[in-house]
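A.B. asks: Right, I'll just put the structure down here and ask away after.
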Amino acid sequence: MSHEEHRAKAPKKFKFAVITVSDTASAGKKEDLSGYYIIEELKKAGNENTYYKIVPDEKLAILRA
């Protein structure tokens, strides 16, 4: 399949998840501006956010997210 054929058959919109890893944001000490930004930009393009979570920078918390 050529690049052009692949692009023509690929979905134009997609569903996405955002997981922010931050000790300070997960503790409520600061707002997650980067997470909100990427969600809004992808939604403006017509994509659908299906999951959003902020977790501390800990291996187990990240795995559970």
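The values are calculated or read from the model by the stated rules, or taken from the named source; none is laboratory data. As the structure is a prediction and not an experimental result, all values here were calculated from the model. Virtual Cβ from ideal backbone geometry, glycine too; neighbours counted across all protein chains shown.
A.B. asks: Under 6 Å by Cβ, and 6 or more places apart or on different chains, what pairs join a residue from segment 28-40 that is under 20 Å from PHE16 (Cβ atoms) with one that is small (Gly, Ala, Ser) and not in a loop (DSSP other than H, G, I, E, B)?
C.D. replies: ASP32/ALA25
A.B. asks: Okay, next question. Pick out the one residue from LYS12, LYS59 that is modelled with pLDDT under 95 and either at positive phi or not hydrophobic (A, V, I, L, M, F, W, C) (or both).
C.D. replies: LYS12
A.B. asks: Would you kindly identify the helices (runs of 4 or more DSSP H) lying entirely within the chain that contain at least 1 residues that are exposed (fewer than 10 other Cβ atoms within 10 Å of the Cβ)?
C.D. replies: Ranges flagged: 3-9, 33-44, 59-64.
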